[in-house]
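Worksheet: the structure to be examined is printed underneath.
The values are calculated or read from the model by the stated rules, or taken from the named source; none is laboratory data. Please read these numbers as outputs of a predicted model, since none were measured by experiment. Counting neighbours? That spans all protein chains shown, and the Cβs are built from the backbone with ideal geometry, glycine included. What goes into the accessible areas is simple: the full protein's heavy atoms, side chains included, and nothing from ligands, DNA or RNA. Shrake-Rupley method; radii C 1.70, N 1.55, O 1.52, S 1.80 Å.
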Amino acid sequence: MKLYTKPGACSTAVHIDLAWTGQPFEVEVMDAESMKAPAFRALNPAGSVPVLVDGDFVLTQNAAIVGYIADTFPQAGLGGDGSARQRAEATRWLAFVNSDLHPAFKPLFGPAAFIEDPAQFDSVKAAARRRVRGLFESADRQLTGRQWMAGFRSFADPYLYVTLRWAGRCGIDLSDLQALAAFQARMEADPGVRHVLKAEGLA
């Protein structure tokens, strides 16, 4: 099994999931140029990460990949204890991050995709920061009294952690959200997370 990842992108969450399985895997850290290369475009014509290759099976899209990892290595518990309820709970919070929180950052990363007038970029970014902040407040409420989003460590947690790193880069102050701060500290103390950050040059 081999993962193609880009430092700090949502693929870093997949990298953490793989590390949490405790099983061997390969990883190739990409950059903007290598993602344009014909060999990589043959794997994913969109030229984006993550890409997971398992034998002759090539899989793209973060949510699909982490589900595949959870099913391939059920002993890691990334999708819960095998019950339908725990799998649904883990998937609920994965969907929150993948479908709500991640897209809310897009105007911060590239406002030109949302409005043509550069004079309006700051307004677009300000609105996005408010939206992102509100979503993190929801995550903080969910984490209050819990260590993990689903109530157990799952594939939702690395993805949430990556978005917290984005928030820091984008100047979104979350310091008053104590449950989120405790969650981020737990993640950064985790040996698997620390290994991934070092491997991607993010430590």
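A few points about this structure:
- Cβ-placed point charges (K, R +1; D, E -1), dipole of the chain about Cα centre in debye, nearest 20: 340
- Here the peptides 73-81, 147-155, 163-171 are ranked by packing, the mean other Cβ count within 10 Å, and the order with the highest first is 147-155, 73-81, 163-171.
- Proportion of all alpha-carbon pairs of the stretch 33-103 beyond 15 Å (%): 62
- Residue-normalised accessible area of the chain, expressed per residue, 1.4 Å probe, Å²: 48
- The local environment of G55, defined by Cβ-Cβ distances under 13 Å, has a net charge of -2 under the rule Lys, Arg +1 and Asp, Glu -1.
- Of the solvent-accessible surface of the stretch 1-68, computed with a 1.4 Å probe and all protein chains present, 54% belongs to carbon and sulfur.
- Ordered from longest to shortest, the equivalent ellipsoid semi-axes for the stretch 154-203 are 18, 13, 10 Å, each the square root of 5 times a Cα gyration tensor eigenvalue.
- Summarised as an ellipsoid, the stretch 87-203 has semi-axes of 26, 16, 13 Å, derived from the eigenvalues of the Cα gyration tensor scaled by 5 and square-rooted, with the largest first.
- Its Kirkwood hydrodynamic radius, worked out from the mean inverse distance over all distinct Cα pairs, puts the stretch 1-77 at 12.4 Å.
- With both labels modelled 7 Å from their Cα along Cα-to-Cβ, the T144 to S175 distance reads 2.1 nm.
- Compactness of the stretch 1-148 - radius of gyration and Dmax, Cα, Å: 17.5, 52
- GNM result for the chain, Cα springs below 10 Å: residue of V193, V29, V49 fluctuating most strongly: V29
- Longest DSSP-loop-exposure-free segment, GluC sites (Glu not before Pro), the chain, at most 11 other Cβ within 10 Å: 117-203
- Residue-averaged 222 nm ellipticity for the chain, from DSSP H runs of 4+ at -39500 (n - 2.57), nearest 500: -15500 deg cm²/dmol
- Helices that extend 24 Å or more along their long axis by alpha-carbon positions and average at least 0.0 on the Kyte-Doolittle scale are absent among the DSSP H runs of the chain.
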